[in-house]
Amino acid sequence: MKLNRVQIKVIISISLVFILLASCKKEEQQQVKEAHLVDKVYPLLDTENSRWFFFSSASRPFGMVNLSPDTEINGAWGSGYKYKTDTIKGFSHIHAWQMSGLSIMPVIVNNKNKKSIFSDFYSKFSHDTEKVSPGYHYLKLDRYNIASELTSTKRVGFHKHSFLTPNTNKAILFNLNTLLGPSENFDGILNKDNEKELSGQLVMKPTHRRPKTVTLFFKIKLDTPISSIEQDSATKNYLIHLKKLNQDVLMKVGISYTSIENANNNIQEELPHWNFDKIVSDSKTEWNHLLSRIKIEGGTETDQRRFYTDLWHALQGRRTISDYNGAYPDNTGEKFRVGQIPLGNDGRPKFNQYNSDSFWGAQWTINTLWGLVYPEMMEEFTQSLMQYYKDGGLVPRGPSGGNYTYVMTGASSTPFIISAIQKGLIKENLDSMYVALKKNHMLNGIMGKAGYEHNTNMGGGLKYYLDKGYVPYPLPEGDFGIHQDGASQTMEYAYQDWTLAQLAKKLKYEDDYNYFLNRSKNYQNIFNKKLGWMCPKNEHGVWREGFDPYQYENGFIESNGAQSTWFVPHDIEGLASLMGGNTKAVEKLNKQFETAATLKFTSGTSHAAELHPEYSRIPINYGNQPSIQTAFIFNKMGRPDLTQYWSRQVVKNVFSGLSPATGYNGDEDQGLMGSLAVLMKIGLFQMNGGTEENPEYQIGSPLFNKITIKLNSDYYSGKEFVIQAEKNSTENLYINAVDFNNKKIDNFSIKHSDITNGGTLLLKMTKEANNNSIPVSTKTK
C-alpha cells in the first residue's frame, strides 16, 4: 500500500510521540532510581563507637544546624547519639568540632514532676519505633508519650512534637546551661518576644583545643501560643509552657554565631513556611542530588548500601558557621569581630565560612573525592581557609568557632589547597595563596606548632628541622603541645614541603622550588638503614636506644614506626631505594599486610582501642590516617597485583557491612574514612594527594562492575567518567588489562585531565594475578 503525504506525517508524528513517551519514561525511571539512593544510607553505622560530631540525622550537607538526639552528653568522646544507650537526654542543634549547644526537650508537666523537671527530664526510647534517614529523625519519648520528628534546612532546625496523650500540660525545656559534648554551655538566656516567638543566646566555654569562647544566638518560632515561661534558680534553665490547643507542636530554631537578627534572617530566608513534610522532602532531594554524582552497578545490596553510607559520611562533619547573608564569626584576632563574606554579582555570598576538624590525612581522602566528584566543595573550602588567613594571618589546619585550634601537626591544609589549584578549581590569586602557604612552612608559621600549641611556636620543632634536617625526639626544650613526635613530624613536613615545591614550580619561583624540594628529602635523615625503619633521633643525632618499631607513639603520631615508615607519599622510589630496592621494599610491606590481616587491618574497632597492647603493635592500621595509603604503595613499586589484592582485603574486612557495632574501626574524622572507603571501592587513589601538575590517579581493584561519575560541568569539560570492570567478582579481583577510551594503559595510572574530559576506563578482571613485566618476589595467597 502506498502512503500519501498526510499519512506519512501522521505516522511520523505518532512515532515521535512514542519516542518522546519512551524517553520520558526512561528519564522518570532514572529519577526514581536516583530518588532511592538516599534510602540506601544507613545512618546508624558505627554508632556504638560514636563521638560528639560523628552521628548525623536531621542535617543538610555541612549544615550549620546538626539536629539530632543525644543519649550521652559526657564530653567530646563517647557522646552524642550512642546506639546502646536507651535514654534521650535532649535534642541538640550543634554537633561540631569543639562546639555543642542549644539542647531542647519536649516534656509533659504534672503535679508529680513540676518541682523536679529541670533536673529530671530524661526519657527512655526504643529503636523499634525509631526512623532515621539523611535529613530526618523520628522517635518516641516513652516517658511522656511524645512522638518527636526532626528535620532542618542548612541553618534552621525544624521540630514536630506530637503530644499523644490528650489534655496534658505541654512544655519544652531549654537546657541552655549544661555540659553537652566538648564544651560546657553557660550564660544561657531565653526571652519571650511575643506569644509565639522567643530569642536568646548562650556561650560555649573554651576548651583545651578551642581557647576562646563562642557565643551562639538563636531565634525560636512556634505555631502554638506560649502560655508562660519560667527559669529555674538552680540550673538557670528555662521551661516554656504551651497553651492546650493542637496535639502537634511545630517549632523553628534558627541559629547564628553573629546575632539574633541574623538567626531570624536565616529563618526568613530558608524556612518561611510551616510545611514540615516539604522540608523533609527537600532535604532528601538535596542528599539525593549529591549521592547521585556516583552511580554504581553490581555488588550485593549490602555493598551498595554501605557505599552510599560511606559517601554520605564524606559530605558532613565539617560545618557552616556563616549566616545566609554571609556574616560570620571571626575569632582569630585579639577581639571578636563579625566578618562578611564577599558578595557575588547576584548579591549572595561567594562561599560559606566553615568549622572543621583537621585536614591531617585529607591528602588520601577528601582531596581526591571532593576534587573529582564535588569540585565546588573543594573550591569553597579553599576560599574559606584563605579567609582565615586574611583575618588572622595563618591558614588553619582545623578552625573552630572562627578561631584557630592548631589541631594535630604540620601544615595539613597545604596539600588540600595545592590539590585544588593543580586540578584547576582555583585559578585566581595564586601568587597571594602561595605567600600564605609559604608562611606556614617557615618559622613562626603553623608548622612550628605542635597540637593545640596556642601561644608558642616550639612544639613543632621546626627550627631543628630547618637546621638539622629532622625534628628530634624528645624535644629538648620540653612539651608545648601534643603530638611532639619528631619522626612523624619530620616525615609530614617533608611531604608538605614537596607539595609546596610543586606550586612554586607552577608559579616559576625557581629558587623556592629548589629550596622546598631539598627540604622534602629530609625524611631520609631519619631512616635507620641498620634497622630498616624510620627511627627517632635526639637533638645530638643519636638514634633512639632500643628502638621498637611496633611500640605505639614512640616518636610517631597516632601510630607506630612500622606503620609510619611508609609515610613518604611524594617519593616512594626514594623510600624503596633506602630499603635496598623495590623487591625488598615489596617483600617488607607485603609481610606487614600478611601480619596485619590477622587483626583485620585495624587496631580494634575504635580510636581508643589503638592504645591497647593487643592492637597497638599492628604493622598496618586502616582505622587511622598515618598508614591508609599503604595498599597503593605496591602500585608505585611495580606490583599492582598486590595493590589489587590487599585493597580488596581491606575493603572486605574494614569497610564492609552495616552495623551500629562497627563501620570505620577507628577515627572517622569528619568524612576522611568515609572518603577513603569510597575511593577504595571505586578503585581510584592519589598517592601524593593530587598535588603535582595534572595530578595522577592510581588504579586499584573496584568493588563494583560499573561506576559512573557525573562530572560537574562548571569545572570539567567531560560529562561523565565511567569505570567498567569486566567480569568483576569476589574471585576476579585482579586486573589483566586496562583500556581508556580504547587505548591501552600499561602503568595502572590515569591523569586528571583524561578523567575530567570524560570517557570509559575498561578494566578486564581475572582470577589470576598478571605479573607480566613486573618484578616478582612474592606471591599473593
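The values are calculated or read from the model by the stated rules, or taken from the named source; none is laboratory data. For clarity, every value in this text was computed on a predicted model and none was experimentally measured. All Cβ positions, even for glycine, are placed from backbone atoms using ideal geometry, and neighbour counts span all protein chains on display.
Within the range 300-311, the presence of at least one residue that is more than 23 Å from the chain's Cα centre (by Cα) and either among the aromatic types (Phe, Trp, Tyr) or assigned to a loop (DSSP other than H, G, I, E, B) (or both) is confirmed. The set of residues from the range 339-370 being outside any loop (DSSP other than H, G, I, E, B), surrounded by 15 or more Cβ atoms within 10 Å (Cβ to Cβ) and touching a Pro at 6+ places or on another chain (Cβ under 8 Å) comprises GLY339, PRO349, TYR354, ASN355, ALA362, GLN363, TRP364, ASN367.
Checked against (1) in contact (Cβ under 8 Å) with a residue 60 or more places away in the chain; (2) in a loop (DSSP other than H, G, I, E, B), GLY718 passes all but condition (1).
Here is a yes/no grid of residues against (1) in contact with a Lys or Arg (Cβ under 7 Å, 6 or more places away or on another chain); (2) buried (at least 24 other Cβ atoms within 10 Å of the Cβ); (3) not hydroxyl-bearing (Ser, Thr, Tyr):
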residue	(1), (2), (3)
PRO474	no, no, yes
GLY481	yes, no, yes
GLU492	no, yes, yes
ALA501	no, yes, yes
TYR515	no, no, no
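Scanning the range 371-398 for residues that are in contact with a Ser or Thr (Cβ under 7 Å, 6 or more places away or on another chain), part of a helix (DSSP H, G or I) and not small (Gly, Ala, Ser) gives LEU385, TYR388, ASP391.
Of all the criteria given as (1) in a loop (DSSP other than H, G, I, E, B); (2) farther than 28 Å from PHE62 by Cα, the one not satisfied by GLY689 is (2). Here is a check on your reading of the model: is LYS706 basic (Lys, Arg) and either in contact (Cβ under 8 Å) with a residue 60 or more places away in the chain or within 28 Å of LEU575 (Cα to Cα) (or both)? Answer is yes for this residue.
Against the list (1) assigned to a loop (DSSP other than H, G, I, E, B); (2) touching a strand residue (DSSP E or B) at 6+ places or on another chain (Cβ under 8 Å); (3) surrounded by fewer than 24 Cβ atoms within 10 Å (Cβ to Cβ), the condition PRO61 fails is (2).
Could you tell me which of the residues LEU475, LEU437 is assigned to a loop (DSSP other than H, G, I, E, B) and among the hydrophobic types (A, V, I, L, M, F, W, C)?
Numbers: LEU437 fails: assigned to a loop (DSSP other than H, G, I, E, B).
So the residue among LEU475, LEU437 that is assigned to a loop (DSSP other than H, G, I, E, B) and among the hydrophobic types (A, V, I, L, M, F, W, C) is LEU475.
Filtering the range 729-744 to residues that are in a strand (DSSP E or B), surrounded by 15 or more Cβ atoms within 10 Å (Cβ to Cβ) and without any contact (Cβ under 8 Å) to a residue 40 or more places away in the chain leaves ASN736, VAL738, ASP739, PHE740. Filtered by the rule that a residue be more than 17 Å from PRO695 (Cα to Cα), surrounded by fewer than 22 Cβ atoms within 10 Å (Cβ to Cβ) and either aliphatic (A, V, I, L, M) or modelled with pLDDT under 95 (or both), the range 408-435 gives LEU430, VAL435. Anything in the range 344-381 that is in contact (Cβ under 8 Å) with a residue 24 or more places away in the chain and of a type in the set (D, E, K, R)? List them, or say none. Within the range 344-381, LYS350, ASP357, GLU376, GLU379, GLU380 qualify.
Pairing each residue of the range 36-58 that is at positive phi with any residue that is crowded, with 24+ Cβ neighbours inside 10 Å and in a loop (DSSP other than H, G, I, E, B), provided the two are 6+ apart or on different chains, yields C-beta distances under 8 Å for ASP46/PHE54; ASP46/GLY663; ASP46/TYR664; ASP46/GLU668.
Please verify whether GLY347 is more than 19 Å from ILE260 (Cβ to Cβ) and either assigned by TED's automatic domain parsing to the domain that holds VAL214 or not charged (D, E, K, R) (or both), treating the condition exactly as stated. Show your work before the answer.
Numbers: more than 19 Å from ILE260 (Cβ to Cβ): yes; either assigned by TED's automatic domain parsing to the domain that holds VAL214 or not charged (D, E, K, R) (or both): yes.
Yes: the conditions hold for GLY347.
If we keep just the residues of the range 189-221 that are in contact with an Asp or Glu (Cβ under 8 Å, 6 or more places away or on another chain) and under 16 Å from ASN265 (Cα atoms), which is surrounded by the fewest Cβ atoms within 10 Å (Cβ to Cβ)? If you could, list the steps in order and put the result at the bottom.
Of all residues in the range 189-221, those in contact with an Asp or Glu (Cβ under 8 Å, 6 or more places away or on another chain) come to 196, 199, 201-205, 219-221.
Then drop every residue that is not under 16 Å from ASN265 (Cα atoms), which leaves 199, 201, 219-221.
Numbers: SER199: 19, GLN201: 21, LYS219: 25, ILE220: 28, LYS221: 21.
Only one residue tops the list, namely SER199.
For residues in the range 276-306 being over 16 Å from PRO61 (Cα atoms) and free of Cβ contacts under 8 Å to residues at least 24 places away in the same chain, which is surrounded by the most Cβ atoms within 10 Å (Cβ to Cβ)? Selected residue: LYS278. Looking for whichever is over 30 Å from TYR697 (Cβ atoms) and of a type in the set (Gly, Ala, Ser) here; the options are GLY398, GLY402, GLY424. Which one fits? When all the criteria are applied, what remains is GLY402.
Among the criteria (1) over 21 Å from VAL651 (Cα atoms); (2) of a type outside the set (A, V, I, L, M, F, W, C); (3) crowded, with 20+ Cβ neighbours inside 10 Å, the one GLU553 does not fulfil is (3).
Quick check on the range 653-665. Is at least one of its residues surrounded by 23 or more Cβ atoms within 10 Å (Cβ to Cβ) and at pLDDT 95 or above?
Yes, some residue in the range 653-665 is surrounded by 23 or more Cβ atoms within 10 Å (Cβ to Cβ) and at pLDDT 95 or above.
Scanning the range 72-85 for residues that are buried (at least 22 other Cβ atoms within 10 Å of the Cβ) and in a loop (DSSP other than H, G, I, E, B) gives SER79, TYR81.
For the criterion of being out of contact with any Cys (no Cβ under 6 Å at 6 or more places or on another chain) and closer than 17 Å to ILE709 by Cα, GLY347 fails.
Condition check: charged (D, E, K, R) and under 30 Å from the mean Cα position of the chain (by Cα). Does LYS506 satisfy that? The answer is yes for LYS506.
Let me confirm something: among GLU693, GLU668, GLU726, GLU768, which residue is of a type in the set (D, E, K, R), in contact (Cβ under 8 Å) with a residue 60 or more places away in the chain and farther than 19 Å from THR630 by Cα?
Of the residues listed, the single one that is of a type in the set (D, E, K, R), in contact (Cβ under 8 Å) with a residue 60 or more places away in the chain and farther than 19 Å from THR630 by Cα is GLU693.
In the range 669-727, of all residues being crowded, with 24+ Cβ neighbours inside 10 Å and of a type in the set (D, E, K, R), the one that is nearest to the chain's Cα centre (by Cα) corresponds to ASP669. Across the range 646-669, the number of residues qualifying as closer than 9 Å to ASN49 by Cβ and of a type in the set (Val, Ile, Thr) comes to 1.
Before we move on, is ASN747 at pLDDT below 95 and closer than 23 Å to TRP498 by Cβ? Outline the logic, then answer.
On the way: at pLDDT below 95: yes; closer than 23 Å to TRP498 by Cβ: yes.
Judged against the criteria, ASN747 is a match.
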